[in-house]
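Reading through the structure tokens given below for one structure.
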Amino acid sequence: MTPATRQEVLGLYRKVLRIAKSWQSTSGQVEETMREKEYIRNEARTLFRKNKSVTDPKLIKQCIEECEARIEIGLHYNIPYPRPIHLPPMSLAHKQGRTLRQQEKLRKISKPIYLKSHDEVS
């Protein structure tokens, strides 16, 4: 990891922790706010520790993009949890080639960037 990339990753980690510190839930209830703050901190710790041994520059870039996307979505919708997606079964493949293997491949490809690591950790 280059020093510039390291600084960028550490900056993102600090940014997430600052967001957690000042987070307010949409309901305004103290218990829910505390639960969401704790979720943000735990999720950041878990994902950053999980990816600390990544050395491939492309993977590092993907992780950085995912972190930035989750920050933006969380701040925009004021929801710290990843937004789920719903794809109806057998909806992605062409009518002639509807096989389960193709469906799994297309679902993996069509998954938004902000959900890539969430499924691995959860």
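The values are calculated or read from the model by the stated rules, or taken from the named source; none is laboratory data. It should be emphasised that the depicted structure is a prediction, and the values quoted were computed from it without experimental measurement. Cβ: placed from backbone, ideal geometry, glycine included. Neighbour counts: every protein chain shown. SASA here: full protein model, heavy atoms, side chains in, ligands and nucleic acids out. Shrake-Rupley method; radii C 1.70, N 1.55, O 1.52, S 1.80 Å.
Dividing the convex hull volume of the Cα atoms of the stretch 3-85 by its residue count, what figure in Å³ per residue is obtained?
94 Å³
Using a 1.4 angstrom probe and counting only protein chains, how large is the accessible area of THR55 in Å², to 10?
110 Å²
Between THR55 and GLU72, 0.36 nm times their residue separation minus their Cα-Cα distance comes to what?
3.6 nm
Using a Förster radius of 25 Å, what is the FRET efficiency between GLN7 and THR33 based on their Cβ-Cβ separation? Nearest 0.05, please.
Between GLN7 and THR33 the formula returns 0.25.
Taking a 29 Å limit on the Cα-Cα distance, which of the listed pairs LYS21/LYS52; LYS15/LYS105; LYS21/LYS105 fall beyond it?
Cα-Cα > 29 Å for LYS15/LYS105; LYS21/LYS105; rest within.
ARG83 to ILE64: extension gain in nm, 0.36 nm per residue of separation minus the Cα-Cα distance?
That pair, ARG83 and ILE64, stretches by 5.0 nm at full extension.
Mind checking the per residue accessible area of the stretch 3-85 for me, 1.4 Å probe, whole number of Å²?
68 Å²
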